Amino acid sequence: MLALVGGLAAQGQRPAPGAGLRFDVASVKEHRDEVRGGSISGPTPGRFTISSVPLRFILLHAFELRAHQLVDAPAWTDDAFYDIAGTYPSGMTLPSDAEVRAMLRTLLADRFGLVTRREMRELPVYALVLARKDGRLGPQLVRSDVDCEKWIADKRPQLRAGGPSPVSLDGFRPACMMITSRQFLTGGTRTIPQLTASLQSLLGRAVVDRTGLNGAFDVDLRWAPSPDVPPQALGSTPSLDDAAAIVTAVQEQLGLKLESTRAPVDVVVVDRVARPSPD
């Protein structure tokens, strides 16, 4: 979202699961075409591909990190886009997601000279708390008693199946899942930790649940992004105006409050990374 390969062993720490796995054949090329779509294939059969993705986002994907958890990556990793293709080891037709990420971490250590370490750092975070002393929630955070395990086991639809939504583009929220965009989020039968995960993707900062709320909720949240700022990727640092709009919307619509504070956060520190030599 990392070298655990190449970095942690030197620190005497336990290697990450799958450490040592590597692609049988791999190609790394800098993407210089002005047309930049950006895609990461996931564990598809036979091979793994990345197309036109900046190195910073490749690092985030390899280590399953949020943007705020990657520390000291050089500025050039935002602007250097890469195409990567790797074939799986013999006999491994369809590896797990964790195995693919492990192979990608090995490739980053081998080809980019990546060395990292994990540590806890005290960073700015948002604490999510109740906004009202009486504990009343906002109009768009409503308790749900849907059994999501049964819903999914019964293969019931999830899109457009969670009831009317005042914020989604089609007027319906999903069932037992969350949809997050740059202007709204909507979800059916979601826990507060699942809500905080979506909020920290939007805010580019860790969000700590201090509400004390248990159970699941239907949640609908909309805010107005700043018209003067180009759209940002989810997980990147938002503009001050956009962050303020989200904070205000959370309080008014959900009855919750995002308070700025500091707390220990698990981060990956980039000690070394370099542009790879051409294939």
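The values are calculated or read from the model by the stated rules, or taken from the named source; none is laboratory data. Just so we're clear, the structure is a prediction, and the values are computed from it rather than from any experiment. Quick reminder, even Gly has a Cβ in these numbers, built from the backbone with ideal geometry, and neighbours come from all protein chains shown.
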For the stretch 95-118, what are the residues that are farther than 17 Å from Thr44 by Cα, of a type in the set (A, V, I, L, M) and in a helix (DSSP H, G or I)? Leu107, Leu108, Ala109
Go through the residues of the stretch 195-211 one by one and say whether even a single one is over 17 Å from the mean Cα position of the chain (by Cα), more than 12 Å from Ser144 (Cβ to Cβ) and not in a strand (DSSP E or B). yes
Top-ranked residue in the stretch 260-277 [being under 21 Å from Ala62 (Cβ atoms) and not β-branched (Val, Ile, Thr); ranked as surrounded by the fewest Cβ atoms within 10 Å (Cβ to Cβ)]: Ser277
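Of the residues that sit in the stretch 72-103 and are touching a His at 6+ places or on another chain (Cβ under 8 Å) and charged (D, E, K, R), which one is farthest from Ser51 (Cα to Cα)?
Here the residue is Arg101.
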Among the candidates Ala102, Ala98, single out the residue that is more than 18 Å from Val273 (Cα to Cα) and either surrounded by fewer than 18 Cβ atoms within 10 Å (Cβ to Cβ) or not polar (S, T, N, Q) (or both). Ala98
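Inspect the stretch 59-72 for any residue being β-branched (Val, Ile, Thr) and over 25 Å from Val207 (Cα atoms) and give the result as yes or no.
Initially, the stretch 59-72 is screened for residues β-branched (Val, Ile, Thr), giving 71.
Add one more test, that the residue is over 25 Å from Val207 (Cα atoms), and what stays is none.
Checked against the condition, which is being β-branched (Val, Ile, Thr) and over 25 Å from Val207 (Cα atoms), the stretch 59-72 yields no hits at all.
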Determine, yes or no, whether Ser90 is of a type in the set (S, T, N, Q) and modelled with pLDDT under 90. yes
Somewhere in the stretch 162-182, is a residue surrounded by 14 or more Cβ atoms within 10 Å (Cβ to Cβ), outside any loop (DSSP other than H, G, I, E, B) and of a type in the set (Ser, Thr, Tyr)? yes
Just wondering, is there one or more residues in the stretch 37-54 that are crowded, with 19+ Cβ neighbours inside 10 Å, modelled with pLDDT of 85 or more and within 30 Å of Pro124 (Cβ to Cβ)? yes
Could we say that Leu199 is modelled with pLDDT of 95 or more, surrounded by 20 or more Cβ atoms within 10 Å (Cβ to Cβ) and not assigned by TED's automatic domain parsing to the domain that holds Gly86 here? no
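Okay, residues lined up against (1) modelled with pLDDT of 95 or more; (2) over 30 Å from Tyr88 (Cβ atoms); (3) among the small types (Gly, Ala, Ser):
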site	(1), (2), (3)
Leu123	no, yes, no
Lys133	no, yes, no
Ile152	no, no, no
Ala206	no, yes, yes
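Would you check if there is a residue in the stretch 112-121 being within 26 Å of Lys257 (Cβ to Cβ) and touching a strand residue (DSSP E or B) at 6+ places or on another chain (Cβ under 8 Å)?
yes
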